[in-house]
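Accompanying notes for the structure given below.
The values are calculated or read from the model by the stated rules, or taken from the named source; none is laboratory data. These numbers come from a predicted model, not from an experiment. Quick reminder, even Gly has a Cβ in these numbers, built from the backbone with ideal geometry, and neighbours come from all protein chains shown.
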């Protein structure tokens, strides 16, 4: 019996590794081991007011901070009977567009791309691909700026609150965002062309099930009240537990999910599979040009999906700015009840994020967060196992197999810190 | 947080001397990194935020968007030096401080949360800008924990030393 280890998985957030157990050429198991310590954040917020909860819960993650905040707002507003004004909803959508640009630019270029181009890191890429790296940094900077303008600051912005915004962004800063988004569209198009030109190894290919929110009005988007499943079914977000079926495994501090006993995928590729036909603009043209059957089988295509999605987000920012600017600043909507429950579902850059709350006498009684990475972990292991089996059958060396496995894991854009928020687990 | 081991810490005198030799000429920018939600991991942010009160155009923290700030500085037509301040695992006692020159930055990691300092230093280098990292050994990185006394003292010392340096060089 032999073990092939990737002890510390680089270019992902948090502390995780991969263990492959081999019996000769036969792969006995492949596990993504999550070592990151649990944060118990759902317990921390019990007994807090919903407003205080909003200042604690996004701390679970500094990159999807706005996704966490938005999911929490959606769940809490539902529980408290708050209907947010249209301007608040549009400004929230704008901040999500910014977060998507920020996160997808970082992941595609600086985390995933080095693998495809044969470099150990983006730092090593700098001499040969300096312009591409700087383009990614410019896009990330712009995404950060949109987040700061809408939420108040880049990390853990506190402007989006229950019932509206503490302060709506001003006209001048929004118009600057609109101009800059227009300017950056050609950069995002170049990024799509680059990712479309890459060779995506086939080792991990297998049938997949994809889940994402169903954005309203048959549009593409990052929040919704129902979940689309690629088998043609649709479910209300309040049934999130039936979709995710969380469970604990012995080798990981993060919970796992299965849908009807099968692994499933959330993320940009899932959004493209479920809502790709709703894309518009150049993003739609490029999606039509590059989408094929392999997208439904190969998790590595998530990188291309993220590049197309980033373009869509950029293209939509000017329109969203106009819609926000067309409305006066409304007053903050107040809660209409002190008891209730609600689930918020949004599309974080790395997949569907659920926040469920139960409120009793105006205080948080139950908080339940299901992160995209926790939903993806079983799927990652499934596709890593296939990769290991197929590469070993072709007599690939250990280093090549290691790289193949890392590429699969990284393609999901995992955030391990965020996925280990809950479980207290005894290692057996 | 940076990971550096087997590196002796700098005394206050050493530190002052090393800081003075790094930015040979031009403006000095300070960029504070870290996570204030994790106790001493926020040391760099505390230094940068304190300096920002006196040098609002030359001191930035993670909250200002580090990558964008680095790009802006890199593309400015001026001589300058960027000093990153971050918590770093030096394998020493809490509060120990170490200055690491750009050529000695070995970090290769990029996470979903931030671009590696080594990449940012390389981008700066490609635009003929100098850079260095000051690491502070944390005593605790507990989630929602308090900054420890030794790290608080080191933050105060760094604010004082960097204030002197920026006052001397940024005119």
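Observations on the model:
- Filter result (outside any strand (DSSP E or B), surrounded by fewer than 20 Cβ atoms within 10 Å (Cβ to Cβ) and over 19 Å from the mean Cα position of the chain (by Cα)) within segment A:252-277: A:260, A:261, A:277
- Consider segment A:144-154 and keep the residues that are out of contact with any strand residue (DSSP E or B) (no Cβ under 7 Å at 6 or more places or on another chain) and under 15 Å from residue A:70 (Cβ atoms). The one that is nearest to the other protein chains (Cβ to nearest Cβ) is A:147.
- In summary, residue A:323 fulfils each of the numbered conditions (1) in contact (Cβ under 8 Å) with a residue 40 or more places away in the chain; (2) buried (at least 24 other Cβ atoms within 10 Å of the Cβ) with the single exception of condition (2).
- Scanning segment A:108-133 for residues that are within 9 Å of chain B (Cβ to nearest Cβ), outside any loop (DSSP other than H, G, I, E, B) and surrounded by fewer than 19 Cβ atoms within 10 Å (Cβ to Cβ), we see that the one that is farthest from the chain's Cα centre (by Cα) is A:127.
- Those residues of segment B:31-73 which are at the interface with another protein chain (Cβ under 10 Å from one of its Cβ atoms) and closer than 21 Å to residue A:146 by Cβ, in sequence order: B:61, B:62, B:63, B:64, B:65, B:66, B:67, B:68, B:69, B:70, B:71, B:72
- Test for residue A:349: is it surrounded by fewer than 22 Cβ atoms within 10 Å (Cβ to Cβ) and within 30 Å of residue A:173 (Cα to Cα): no
- Residue match in segment A:155-168 (condition: in a helix (DSSP H, G or I), more than 14 Å from chain B (Cβ to nearest Cβ) and touching a helix residue (DSSP H, G or I) at 6+ places or on another chain (Cβ under 8 Å)): no
- Filtering B:24, B:87 for residues that are over 14 Å from the mean Cα position of the chain (by Cα) and modelled with pLDDT under 90 leaves a single hit, B:24.
- Filter pass, residue A:246 being farther than 26 Å from residue A:389 by Cα and at pLDDT below 95: yes
- Residue in segment A:292-300 that is in contact with a strand residue (DSSP E or B) (Cβ under 9 Å, 6 or more places away or on another chain) and assigned to a helix (DSSP H, G or I) present: yes
- Verdict on residue B:142 being surrounded by fewer than 24 Cβ atoms within 10 Å (Cβ to Cβ), at pLDDT below 90 and more than 14 Å from every other protein chain (Cβ to nearest Cβ): no
- Selection from segment A:154-188 of residues that are buried (at least 18 other Cβ atoms within 10 Å of the Cβ) and within 21 Å of the chain's Cα centre (by Cα): A:154, A:155, A:156, A:157, A:160, A:188
- Set side by side, the residues A:228, A:194, A:198 differ, and just one is part of a loop (DSSP other than H, G, I, E, B) and surrounded by 14 or more Cβ atoms within 10 Å (Cβ to Cβ), which is A:198.
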